[in-house]
1. Go through the stretch 38-56 and give me each residue that's surrounded by 14 or more Cβ atoms within 10 Å (Cβ to Cβ) and not hydroxyl-bearing (S, T, Y).
2. For the stretch 2-37, which positions are open to solvent by 50 Å² or more (accessible area, probe 1.4 Å), over 15 Å from R53 (Cα atoms) and among the aliphatic types (A, V, I, L, M)?
3. Do you know which residues across the stretch 62-78 are more than 11 Å from the chain's Cα centre (by Cα) and loosely packed, with under 12 Cβ neighbours inside 10 Å?
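The values are calculated or read from the model by the stated rules, or taken from the named source; none is laboratory data. Since the structure is predicted, the reported quantities are computational estimates derived from the model, not experimental observations. As a convention, Cβ positions derive from the backbone with ideal geometry for all residues, glycine included, and neighbour counts pool all protein chains shown. Keep in mind that these areas ignore ligands, DNA and RNA; they rest on the heavy atoms of the full protein, side chains included. Shrake-Rupley method; radii C 1.70, N 1.55, O 1.52, S 1.80 Å.
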Amino acid sequence: PFNPETTIGYSLAEGAPVELRIYNLTGQVVRTLGSERQAAGRYSVRWGGKDERGLSVASGIYFYRLTAGSFMETRQMMLIK
């Protein structure tokens, strides 16, 4: 659980195109936090519970999906206000 923001950390063993998106329970994209090619290394991205328009989202369960090359991982987060 987080309030008011969370940090998503990840590591890349080699350079790859990376995309990090936040989804709501219905599968709609709430926010794209990154979509670019990145070199190998450690990264962290902060999400402050806001959508693409900068509006605060409701408390609840959200998912983030990290895609890096052929790798894909989805994890659950809970926003509590």
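1. Within the stretch 38-56, Q38, V45, W47, G49, K50, D51 qualify.
2. A13, L25
3. Of everything in the stretch 62-78, those that are more than 11 Å from the chain's Cα centre (by Cα) and loosely packed, with under 12 Cβ neighbours inside 10 Å turn out to be S70, M72.
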